[in-house]
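The values are calculated or read from the model by the stated rules, or taken from the named source; none is laboratory data. Every value quoted in this text rests on a predicted model; they were computed, and no experiment measured them. Neighbour counts are summed over all protein chains in view; Cβ atoms, including those assigned to glycine, are modelled from backbone coordinates with ideal geometry. Areas reflect the complete protein model, heavy atoms only, side chains present, ligands, DNA and RNA absent. Shrake-Rupley method; radii C 1.70, N 1.55, O 1.52, S 1.80 Å.
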Amino acid sequence: MKVLLIGRTGQLGGDLIRNNPGHDIVAPSRDELDIGNRGEIDAAIDGCRPDVVINTAAFHNVPLCETDPESAFRINCTAVRDLAVACRKVDARFVNFSTDYVFGGDQRTPYAEDDRPQPLQMYGISRVAGEYAAQASAPEHAVIIRTCGLYGRSGAQSKGGNFVDKRLRDARNCTSLEMGCDQVVSPTSTEDLSRAVWQLIENRRLSGGIYHLVNEGECNWYEFTRAIYEIAGLPVEVLPVDRGGMSGEMRRPLYSVLGNKKARAMGVVMPHWRDALERGLTGPRG
Ligand SMILES: NC(=O)c1ccc[n+]([C@@H]2O[C@H](COP(=O)([O-])OP(=O)(O)OC[C@H]3O[C@@H](n4cnc5c(N)ncnc54)[C@H](OP(=O)(O)O)[C@@H]3O)[C@@H](O)[C@H]2O)c1
């Protein structure tokens, strides 16, 4: 298949390229294709004529979305609409990503794909809007993959590195730190996610709609941090702190574990988060 991949310098984009099972990937840089520019989207898709467009780009610095909602909506919603329309015109599959932050966090069992979104902050609101925009513009072509807590070899640039990188950096500067125990999540390695994305795309039964793809199991950030130091053999004391899901004035969901119900039914199975973390910390990084 011919694949147009957006976000090649990102965590997921980088691993999609590394784990490419043999497709013909065209991966323009952000300078060549800025998804905030509709003309550039149309020119790229018209010129490339892909079978699949995978967009891993997003405006996903959560606090920044509160102060700059215009940019959040431009990239997370309007650009997603523009990509979906361009894909429909050339009959290309459109794969876009979304987030666990579309949910409100009232549940205590994993969210299914058809559970009702109830975002708590501008980031989540802009992502739900993007999901609707893609589905309204190209219902047959748009595949939306919600995921959570990504970490990969190339740390998320826009966030100053991923969670695992930051904790390893912390270990160089302190012997004790506080970590939130109030948010239960599904931390997910982009190594595993990228492989699952390719499996999903190659599956003949894939149809338009929403899918969840996260590493199996659940934990809070305090438990995840303890696991990082335990596996890496770093003597850092981790103290649990409960902020009730608040970051300043902004609310985050207290529980946003996703259930991979639809992908699992199609034979796409994700490893447990602890197994993924062990492989991530003992394998090659950088
Ligand atoms: N990271 C998480 O914890 C998390 C959680 C849930 C969902 N997700 C979603 O999963 C997807 C992949 O996340 P990720 O962590 O791999 O992201 P990432 O590491 O931040 O990478 C984003 C990529 O998109 C590019 N990009 C950003 N804005 C762009 C624009 N306007 N036009 C073209 N390219 C642009 C970036 O280029 P530059 O390098 O030039 O900035 C980078 O290559 C995103 O949709 C994200 O929101 C992530």
Quick one: accessible area per residue over segment 91-235, 1.4 Å probe, rounded to a whole number of Å²? 40 Å²
Mind giving me the FRET efficiency for SER29 and ALA136? R0 is 35 Å, r the Cβ-Cβ distance, nearest 0.05 is fine. 0.75
Work through the residues other than SER207 whose Cβ is under 11 Å from its Cβ and net out their charges, Lys, Arg +1 and Asp, Glu -1. +3
Given the whole protein assembly as supplied and a 1.4 Å probe, what does the accessible area of ARG74 come to in Å², nearest 10? 110 Å²
Using only Cα atoms, tell me the angle between helix 273-282 and the longest principal axis of the chain; keep it within 0 to 90° and round to the nearest 10. 80 degrees
What is the Cα centroid distance between segment 70-111 and segment 206-241, reported in whole angstrom? 23 Å
Identify the residues of segment 36-50 with backbone N under 18 Å of a label point that sits 7 angstrom from the Cα of MET1 along the Cα-to-Cβ direction, or state none. 45-46, 48-50
Restraint check, LYS166/LYS262; LYS89/LYS166; LYS89/LYS262, Cα-Cα greater than 30 Å: LYS166/LYS262; LYS89/LYS166
Please list, by residue number, everything in segment 78-103 whose backbone N is under 13 Å from a paramagnetic label point 7 Å out along Cα→Cβ of GLU66. none
Straight-line reach from LYS261: which aspartates and glutamates have a Cα under 16 Å away, not including same-chain ones fewer than 8 places off? ASP100, GLU113, ASP114, ASP115, GLU216, GLU218
Determine the equivalent ellipsoid of segment 177-261 by diagonalising the alpha-carbon gyration tensor, then write out the semi-axes as square roots of 5 times the eigenvalues, largest first, rounded to whole Å. 30, 18, 8
How long is the chain along each principal axis, judged by its Cα atoms, biggest number first, in Å? 55, 38, 38
Förster radius 30 Å - calculated FRET efficiency between MET266 and THR9 (Cβ-Cβ, nearest 0.05): 0.50
12 Å beta-carbon shell around CYS219, net charge (K/R +1, D/E -1): -1
Relative contact order of segment 156-286, defined on C-alpha pairs under 8 angstrom at six or more residues apart (%): 39 percent
Please give me the summed charge of the neighbours of ASN19: other residues whose Cβ is under 9 Å from its Cβ, Lys and Arg +1, Asp and Glu -1. 0
Note: ILE17 to GLU178 extended length (0.36 nm per residue) minus current alpha-carbon separation gives 54.4 nm
Give or take rounding to whole Å, what are the principal axis extents of the alpha carbon atoms in segment 110-247, in descending order? 52, 31, 27
